[in-house]
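Only the coordinates and a few stated rules stand behind these numbers; no lab work does. Note that this is a predicted model, so its numbers are computed, not measured. Ideal geometry is used to build each Cβ from the backbone, glycine not excepted, and the neighbour counts take in all protein chains shown.
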Amino acid sequence: MDEHSALDVIAVRAIETQDRARAVWSDAERRWASRAAAEVVGEKAAADAFVAQRAALVVERLDERNRALLAAARGMHWQAWQGWLFVFVAFVLGFMIDRMASSNRVDLLAPPVLALLVWNLAVYLALLISPFFRAGKPAAPGLLRKLALRLLGLVPWRGALRPVAQSADANVDVTFASNAMIVKAWLALSMPLHAARIGRILHAAAAALALGVIIGLYARGLALEFRATWESTFLDAQAVHALLAVILAPGAWLTGIALPDAAHVQSIQAPASENAAVWLHLLAASVLLIVLLPRIALASRAGYREWQLARQFPLALDEPYFQHLLRGFRGGPVRVRVVPFSYTIPEAAQTGLESIVARAFGGSAALVIEPPLHWDDDAGALQRIAASGQGPIIALFNLTATPEEEVHGPLVEAFKTYFHAGHALIAVVDASGFLARWPDEKSRQAQRRKAWDELLAVHRLPVVHANLAAPDLPEIDATIDAAFASQQKETTVNS
């Protein structure tokens, strides 16, 4: 996806993550966005195309409803004119920089043009040696780049988002939290792009400054006579000649103009002077070779890197939020099967399961509750369930039962054996029956949960604890996402 699509995705992720109560963006609207995006891109589209299209639909809908929600995202969109304005200002500064003095006196040791040459040589040296000092670590933005980031609006000033968030009519906390998350996440993810962009702008500005200097020199040299001279407290003519021979060597090579010898340099020591045409030719040619051409090359290199990152923004989709979105898209409507162990699910718990499945797998997910398994059942029951289709599997246990390795251990291993491919397998331990019988036994409940955690951890099966009669949907949703993410990571490592 491109840069702007990635920013929309980051913005939508922030809103949907912060709005746990679904006060701003309901479950029904989230399901609509996923369904509509899937219809637009088609079932064979890449995952990033689906995520980008879904984000575009959400941004369009939310922006009509509450513009404060996406204030940060709008502010972070790159505006190309900002960079060009920076370059234009540099050109104007370069055009004006050679106004040495009202007397048109060119001091060969102290003109701004000479400082420009020395500064650029120092920059090139820093670029060459900086990789050796970083020792493989990513480079932090320097002072000039940080200032450019702020000037170009890429980094909001401290506290700038709070008035925007407080201007919303409702859901102030969600608005402010999501905007703050957008800024933090986007700056972290887009730093390589910003580094390339600011590098391109700074190099282009340096080239524009050099071009302005060259044009300014000759434009005013046509109408005015510049007089070249020099003076120094510490340097004699030999030292001045040696210094100028180094600085102006590129200009002498390009123009073929020989640098005046030390005797000539001594002859124009203040208060003496001469027509500065030769020196201006040498200065202009040196600026061309030392500043203009190298900076154009560096700007082109940074611009190409910027173009690559802006066109194919590196946004990883392996975190739980994106995997949640992609579960329904990749396989169509999800068929989630629940396999209880020695447990007949009460009606209230079944309703809770339906809510959990709709929240975690999408409103189009189908819930199938298989007949309960018992400790004396043979492997044929699990084989038949495994053979009946693919999709997520929930092994459902009851917290009222005491976990026993000799009873539950073989069952868990059998689950992992028969549902090893094409299925996402997690365990859910229902606390509703336990809470109904012992509502005040907090310590006993904690001990029982710990026992289940320990047994299932031995068999490397992710577990989710839930009171199915009154499920905490946001917490369970996050836990299921984390469980599937850890399971996917383990599968990737093992493969």
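Okay, here's what the table says:
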item: Whole-Å distance, taken between Cα centres, linking region 336-363 and region 14-74; result: 27
item: C-alpha long axis of helix 277-287 to longest principal axis of the chain, angle in °; result: 10
item: Distance between region 386-430 and region 212-227 - C-alpha centres, whole angstrom; result: 84
item: Charge dipole magnitude, Cβ of K and R +1, D and E -1 - region 333-494, Cα centre, debye nearest 20; result: 280
item: Aspartates and glutamates whose Cα lies under 18 Å from that of LYS184, excluding same-chain neighbours fewer than 8 positions away; result: GLU3, ASP8, GLU16, ASP19, ASP173, GLU319
item: Charge tally in the Cβ shell below 13 Å around VAL240, where Lys, Arg are +1 and Asp, Glu are -1, VAL240 excluded; result: -4
item: Solution diffusion estimate, µm²/s, Stokes-Einstein, region 333-494, Kirkwood Rh from C-alpha pairs, 37 °C, viscosity 0.692 mPa s; result: 205
item: Distance between modelled label sites at ALA219 and ALA49, nm, 7 Å Cα→Cβ extension; result: 5.0
item: Farthest toward positive dipole pole in the chain [+1 Lys/Arg, -1 Asp/Glu at C-beta], among VAL407, TRP307, LEU259; result: LEU259
item: Helix axis angle, 27-41 relative to the chain longest principal axis, alpha carbon, degrees; result: 60
item: Förster radius 60 Å - calculated FRET efficiency between SER267 and ARG67, Cβ distance, rounded to 0.05; result: 0.25
item: Pairwise label distance in nanometres, LEU109 with ARG384, each label 7 Å out on the Cα-Cβ vector; result: 10.1
item: Chymotrypsin sites (Phe, Trp or Tyr not before Pro) restricted to region 405-451 and DSSP loop, no more than 15 other C-beta within 10 Å; result: none
item: Trypsin sites (Lys or Arg not before Pro) restricted to region 16-109 and DSSP loop, no more than 10 other C-beta within 10 Å; result: LYS44
item: Degrees separating the helix 405-418 axis from the principal Cα axis of the chain, which is the longest one; result: 60
item: About the Cα centre, charge dipole magnitude for the chain (Lys/Arg +1, Asp/Glu -1 at Cβ), debye; result: 1240
